[in-house]
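Readers should treat all values here as calculations from the given coordinates under stated rules, not as data from a laboratory. Because the structure is predicted, anything quoted here is derived from the model rather than measured. Quick reminder, even Gly has a Cβ in these numbers, built from the backbone with ideal geometry, and neighbours come from all protein chains shown.
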């Protein structure tokens, strides 16, 4: 994508979401880029809220998830309950079987505990590469990112350019608080992951996620055995967009 095209898309999407509510913003984007808008869900509070809007408004936005093969049973149950409630398709992307097989044969099924390098390689195989396939050829990637999730997301903008995947990212609920998110879930009777009620805030793969303790940072429950500065899996690389 050329810089001119990128700038044009960013400016156009900025116009589409300007002074519009979330549902209207998503509808505007989907109508402007038919068949080229996707939303990634991990069935978290945030993602369930956005899925509810997409499904309820019957928007032309493909909803997909990355099934790593190591997800919690509660996450799969939330997936099933979401399908039952909305009867709307959710596309699943899986790790490349050969890459995963070779990784496990060489390093073992739990090698991510042994080094950051192993953990990042596991994340790449199970999440990053499948994500690249999910986003290929698309124009806009909708996410459920909130600024409260991580200190390095405090300065994020609602619109970003993801150079790794050659796509514009839109974070519609970036500035929602946790209380606002939960209130929206409850008001609309949206299925949510019961692990949230047990202290799990950011829910990923089962071996790599734990509940957080009172006073701990939002990301403390992810890859808790690693230094805090390394706690990203490569799905969301912050890159500032110059309008």
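Can you give the FRET efficiency to the nearest 0.05 for residue 92 and residue 188, using r as the Cβ-Cβ distance and R₀ = 25 Å?
That pair, residue 92 with residue 188, gives E of 0.55.
Could you state the angle between the C-alpha long axis of helix 178-187 and the longest principal axis of the C-alpha atoms of the chain, as a value from 0 to 90 degrees rounded to the nearest 10?
The two axes meet at around 70 degrees.
Tell me the angle of helix 22-32 to the major Cα principal axis of the chain, expressed in degrees between 0 and 90 and rounded to the nearest ten.
With both axes taken from Cα atoms, the answer is about 80 degrees.
For the residue pair residue 133 and residue 85, what label-to-label distance in nm results when each label sits 7 Å from Cα along the Cα-to-beta-carbon direction?
2.9
Extension gain residue 15-residue 102, at 0.36 nm per residue separation less the Cα-Cα distance, in nm?
So the extension gain works out to 26.7 nm.
First measure r as the distance between the Cβ atoms of residue 224 and residue 157, then evaluate 1/(1 + (r/R0)^6) with R0 = 30 Å and state the FRET efficiency to the nearest 0.05.
Working from the Cβ atoms, E equals 0.55.
Computed FRET efficiency, Cβ-Cβ of residue 58 and residue 206, R0 35 Å: what is it to the nearest 0.05?
0.60
Helix 73-86 versus the longest principal axis of the chain: what is the Cα-based angle in degrees, 0 to 90, to the nearest 10?
The two axes meet at around 30 degrees.
Could you check the spin-label model distance between residue 23 and residue 118? Points 7 Å from the Cα along Cα→Cβ, value in nm.
Label at residue 23, label at residue 118, 4.9 nm between them.
Suppose each label sits 7 Å from its Cα in the direction of the beta carbon; what would the residue 198-residue 175 distance come out to in nanometres?
Label-label distance for residue 198 and residue 175, simple model: 3.6 nm.
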